[in-house]
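**Student:** The structure's right below; bear with me while I get my questions together.
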Amino acid sequence: MKRWGSLWKALRRGWGGALVLLLSACTGSQEPPLPALVAAAGGDEVRFYRALDLQRNAAAPVASWSTPGLQDLAYSPAFRRLYLLFPDRVAAYDASGFTEASAPEGTPLVQGLPSDADCTGGYLRLGQRALLLHCPGAARAFLWSLDGSGSLEEADLTGLDPASRLALLPQGSLDLLAYLTRGVLGYRPVQDPQGTPSLEKPLGPTLDTDPFDLRADTAKGRLLGLGSLNFEARLYTLQGEGLASQKVLGDFFGTPRLALDPVAGLAVYGRGFQVLEPKASPVLEAYTDFAAGALGQDGYLYLATGSLLYVYDTVPSPPQRVAVSSLGFAPQALAFIPVE
């Protein structure tokens, strides 16, 4: 990724002529642009948009799938599969044939959920080898192999509040169950609450409300959780043995979520948004409620509010808005999908 800071350093080294040409050719965070689709899920359908089109205020989808009852979606770059969660099942779609011009639906691998595990209101989290399906309403969670093989493995949630947020934290060859409650942030083996490796850290003062979000940053071996304390949104980071926290989003309203990409960085969104890494930004769009977000490997942040999709280039500091498109429906989940 060609970042502006690197270009200016090169200018200071005397590469003026060549870099003037390079700067004049740049169109954003990456040159040439990374071929990719953005999948937007909402209203019982998934629409696929060319990422470059969204960056240019062109919002005509290249494909649309009918997905009644869809709760969440997630994309695994390693396995090149798109996963869709429904109240009674999870489906894995082969995305290896996706291009910037098409997203063929094909025939998915489908795994049904137990009849007493309604996953309405559930969500997905990726590990290194497994996909986590958390069904808070049923107080149950399951793991499914990312290659779509095998049956579901149920996670042991003993001792965890049903309102806990869950994720998978890769460690060695394992996918550990990570959790954020009102009082603690930690991880443990999926089926052995008393087993090792495990770690649990008190947050200090307990959260005012149920936690909002939890993500595992595999690249840095850390957990990132969001909660509300004293009516402030706070980001909790557990890395190694250390637990840190910081205020995010300024004046706090709404339900914040995290957008994470190991290459591009980290952002938090809800009422407004704030880029936290690689460079911290002020709170932007402070009066806009964002319902869904995705940070792409291309360095662009995609944020949905109602039927509008905002696109920000996160390489400049502060980030720069490059486009706002009307999609004609209201996405509740987004996924960034690099293609050939």
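What follows draws every value from the coordinates through simple rules; no lab data is involved. Source: prediction; values computed, not measured. Counting neighbours? That spans all protein chains shown, and the Cβs are built from the backbone with ideal geometry, glycine included.
**Student:** Can you tell me the order of 110-123, 262-275, 304-317 when each peptide is scored by its average per-residue count of other Cβ atoms within 10 angstrom, highest first?
**Tutor:** Numbers: 110-123: 16.1, 262-275: 22.4, 304-317: 20.1.
So the order, starting with the most tightly packed, is 262-275, 304-317, 110-123.
**Student:** Okay, next question. Using the Cα centre of the stretch 32-338 as the reference point, and only Cβ charges (+1 on K/R, -1 on D/E), how large is the resulting charge dipole? Debye, rounded to the nearest 20.
**Tutor:** Numbers: 22 positive and 31 negative charges, 125 e Å.
For this selection, approximately 600 debye.
**Student:** To continue, here is another question. Strictly greater than 38 Å: what percent of every Cα pair in the chain meets that? Could you put the intermediate results ahead of the total?
**Tutor:** Details: 8257 of 57630 pairs.
Summing the P(r) tail past 38 Å for the chain gives 14 percent.
**Student:** For the stretch 58-96 and the stretch 281-340, what is the separation of their C-alpha centers, rounded to whole Å?
**Tutor:** 19
**Student:** So how many Å³ per residue does the convex hull of the Cα atoms of the stretch 71-200 work out to? Spell out each step's value before the answer.
**Tutor:** Working: hull volume 14.5 nm³, N = 130.
Measuring per residue, one finds 111 Å³ for the Cα hull of the stretch 71-200.
**Student:** Under 14 Å between alpha carbons, and skipping anything fewer than 8 positions from K201 in its own chain: which aspartates and glutamates qualify?
**Tutor:** Counting by Cα, and skipping residues close in sequence, K201 has these aspartates and glutamates nearby: E241.
**Student:** Let me ask you something else. So if the hydrodynamic radius of the stretch 28-126 is defined as the Kirkwood radius over C-alpha pairs, what does Stokes-Einstein give as its diffusion coefficient at 37 °C and 0.692 mPa s, in µm² per second? Walk me through the intermediate numbers first.
**Tutor:** Numbers: Rh = 14.5 Å.
In µm²/s, the coefficient is 227.
**Student:** Can you list the equivalent-ellipsoid semi-axes of the stretch 90-133, largest first and in whole Å, using the square root of 5 times each Cα gyration tensor eigenvalue?
**Tutor:** 25, 13, 10
**Student:** With the dipole of the stretch 32-338 worked out from charges on the C-beta (+1 for Lys and Arg, -1 for Asp and Glu) around the Cα centre, which of S115, Y287, V275 lies farthest toward the positive end?
**Tutor:** Of S115, Y287, V275, it is V275.
**Student:** Which one, A304, G127, L160, projects farthest toward the positive side of the charge dipole computed for the stretch 32-338 from Cβ point charges (K/R +1, D/E -1)?
**Tutor:** Value computed over the given set: A304.
**Student:** Right, next: Which ³J(HN,Hα) values, rounded to whole Hz and listed in residue order, are derived for the stretch 237-247 from phi using the Karplus coefficients 6.51, -1.76 and 1.60 in 6.51 cos²θ - 1.76 cosθ + 1.60 with θ = phi - 60°, glycine and proline given as x?
**Tutor:** Here the 3J(HN,Hα) series is 10, 10, 9, x, 9, x, 10, 10, 9, 8, 6 Hz.
**Student:** Right, another one. Which order do the peptides 281-287, 176-182 take when ranked by the mean count of other beta-carbon atoms within 10 Å per residue, highest first?
**Tutor:** On the way: 281-287: 14.7, 176-182: 24.9.
Taking the mean over residues of other Cβ atoms within 10 Å, the ranking is 176-182, 281-287.
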